[in-house]
Amino acid sequence: MTMHDPIKSPDKSEGSPSLIERASQMYDFRKALSPDAPKLPEQGNDPAPAPIETPSVMASLDPVAPAAVPAAAPAPAPVRPRAPVLPVAEIDRDLLRESAFIVPDGPVTSISEEFRIVKRRLLASVQAEANAGIGIAAQRILICSANPGDGKTYSAINLAISIAAEKDHDVLLVDADFAKPSVLSSLGIAGQQGFMDALADPAVAVEDLIIPTDIPGLSVLPAGRQTNTDSEYLASARTREVLASLTAGRPGRIVIFDSPPLLAASPAATLAQHVGHALMVVRADVTSERALRDALSLIAGCNQIQLLLNGVKFSPSGRSFGSYYGYGE
């Protein structure tokens, strides 16, 4: 704390001075009011300061035309190396004969005659669908069945060999039973890349995987890699592209698909959406009516569905249509 001088109390005997007198004794107001006292400058009399000129920061620039940027040259399309042409595969005729398949250039048998009737009806249906404007799907035939063991692979191979003998058609047999492929082993051909490889990899051209055979007019496309997402691949946009490649520039080609059983695996129902015809193989005395109806409901979206009765042991008319001797799938 700072110390201040004590203020003397006035002498009461002399009379109490007024507050003004007491303040005058402490502060000399007369000096501040004298003419010689410095005066404060009067407000508002000073001249206004001269305005400060601010230089403009915007310079006048002549417009400059932007330099021309040369257009980028389009990137060249990637060139996919073509696979070498696959050698012609030799079909094992002895194996065909032992398994009761049609043997090309062999004697006429009841089996070959039965499939002549079957193919004639199918080819007539193919032509009718083509005339109706269904498009390239009319050239695709799905061979299917309700359950394993009904004879779909046996029927697919025999039908393919029979159509290959036609003068106006060639046939491509596609093994679409990805889980249990058996077309190549039934023909005595070694396995390799195939249908699923082309679906899974856009860089793979499906036409490079088609195997020509020594049976005139017959080619084979293996099933390819095994996968747990075969139905998803078949439902993709890639499938349409691959299937279109199978018949591009070949209006006389018939594509036959050997599919998995409808009630055992889903890919057959998905593939049925891409074909113009479905041939349902029914095993006599084995395939139940309920199983047949369930299987047919899965391919209801197909335009043309026909039934092929397999394993018939007796016909009142004397015909043995659909009787496949020694069959074992």
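Descriptive notes on the structure:
- Taking the criterion of being touching a helix residue (DSSP H, G or I) at 6+ places or on another chain (Cβ under 6 Å) and farther than 24 Å from Asn131 by Cβ, the residues of region 252-262 that qualify are Asp258, Ser259, Pro260, Leu262.
- Looking at Ala295, Ala300, just one residue is touching a helix residue (DSSP H, G or I) at 6+ places or on another chain (Cβ under 9 Å), exposed (fewer than 14 other Cβ atoms within 10 Å of the Cβ), farther than 23 Å from Ile210 by Cα and at pLDDT 90 or above, and that residue is Ala300.
- Identity of the residue in region 194-205, over 23 Å from His169 (Cα atoms) and free of Cβ contacts under 8 Å to residues at least 60 places away in the same chain, that ends up surrounded by the fewest Cβ atoms within 10 Å (Cβ to Cβ): Pro202
Rundown of residues vs (1) within 24 Å of Pro107 (Cβ to Cβ); (2) surrounded by fewer than 24 Cβ atoms within 10 Å (Cβ to Cβ); (3) touching a residue at least 12 places away in the same chain (Cβ under 8 Å), yes/no style:
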| position | (1), (2), (3) |
| --- | --- |
| Arg120 | yes, yes, no |
| Ala132 | no, yes, no |
| Ala137 | no, yes, yes |
| Cys144 | no, no, yes |
| Gly151 | yes, no, yes |
| Ala160 | yes, no, yes |
| Ala164 | yes, yes, yes |
| His169 | yes, yes, yes |
| Val174 | no, no, yes |
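- Region 206-252, subset among the acidic types (Asp, Glu) and farther than 22 Å from Ser186 by Cβ, residue surrounded by the most Cβ atoms within 10 Å (Cβ to Cβ): Asp208
The values are calculated or read from the model by the stated rules, or taken from the named source; none is laboratory data. Note that the coordinates shown come from a computational prediction; the quantities given were computed from them, not determined experimentally. No Cβ is skipped: glycine too gets one built from the backbone with ideal geometry, and neighbour counts run over all protein chains shown.
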